[in-house]
Amino acid sequence: MERLPELMGTPDTRSLQGDAAADSLNIEGNMETDTEQSLSEEEGMNYLEEYYNKYDEEGRLLSRHGQVEYLTTMKYIRECLSNATDPTILEVGAGTGRYSVTLAKQGYRVTAVELIPHNLELLKSKLEGSEQIRPILGNALDLSFLPDSSFSLVMVLGPMYHLYTKEEKLRALSEAVRVTKPGGFILVAYCMN
């Protein structure tokens with residue numbers, strides 16, 4: 001896979017070279033600015049927690065469409081990891097662990113950050129105990145508990161759908177860039193309406 005300091009790939013799966021400057025990120029589209037009304041972070045968190053406590057995320061991931069998404073994403077993950085020596089992986093918005101648990105069971109060292117406690121508990125329930133995985137309750141907007149330049153691959157496959165302002169989206173992407181090793185990869189899934 002060619003590494004470019006710009007967004008590339010299919011509309012749903014994009015890669016950003018890890019050493020790209022966060023301020024060079026340019027997200028276009030009809031996103032809200034801080035002058036437009038949106039949910040506060042607390043309101044957004046409450047909404048997401050209520051939603052995922054009732055939503056069958058596992059069922060979505062195992063559906064026909066979910067399987068296509070999974071196989072396509074795993075193809076890109078394998079490409080990103082193909083030349084990495086002793087790779088470390090961060091999944092921000094790990095959900096119920098579809099990717100994090102699979103990669104940990106394949107022998108990769110994985111850190112799985114998830115905002116919703118219910119999803120994190122489902123992720124932990126899939127572990128056998130021998131996996132090199134560190135599940136953490138956390139937020140894509142603040143990864144300050146993780147050191148700079150520490151991951152070969154950072155995956156942001158869920159959070160972008162739930163961020164409402166341009167500033168939140170840029171903050172999440174900036175955090176992903178900050179924790180990615182120079183020459184590493186960031187995979188982002190996001191479709192705008």
Mean-position separation - Cα centroids, the stretch 140-163 and the stretch 80-126, in angstrom: 12
Radius 14 Å from Cβ of Phe145, net charge of other residues (Lys, Arg +1; Asp, Glu -1): -2
Lysines with Cα under 30 Å of Lys181, excluding same-chain neighbours fewer than 8 positions away: Lys75, Lys105, Lys124, Lys126, Lys166, Lys169
Those GluC sites (Glu not before Pro) in the stretch 116-189 that DSSP places in a loop and that have at most 12 other beta carbons within 10 Å: Glu128
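Rule-based calculations on the coordinates, nothing more; no lab input. A quick note: this is a predicted structure, and the numbers were derived from the prediction, not measured. Cβ sites come from the backbone with ideal geometry, for glycine too, and all protein chains shown count toward neighbours.
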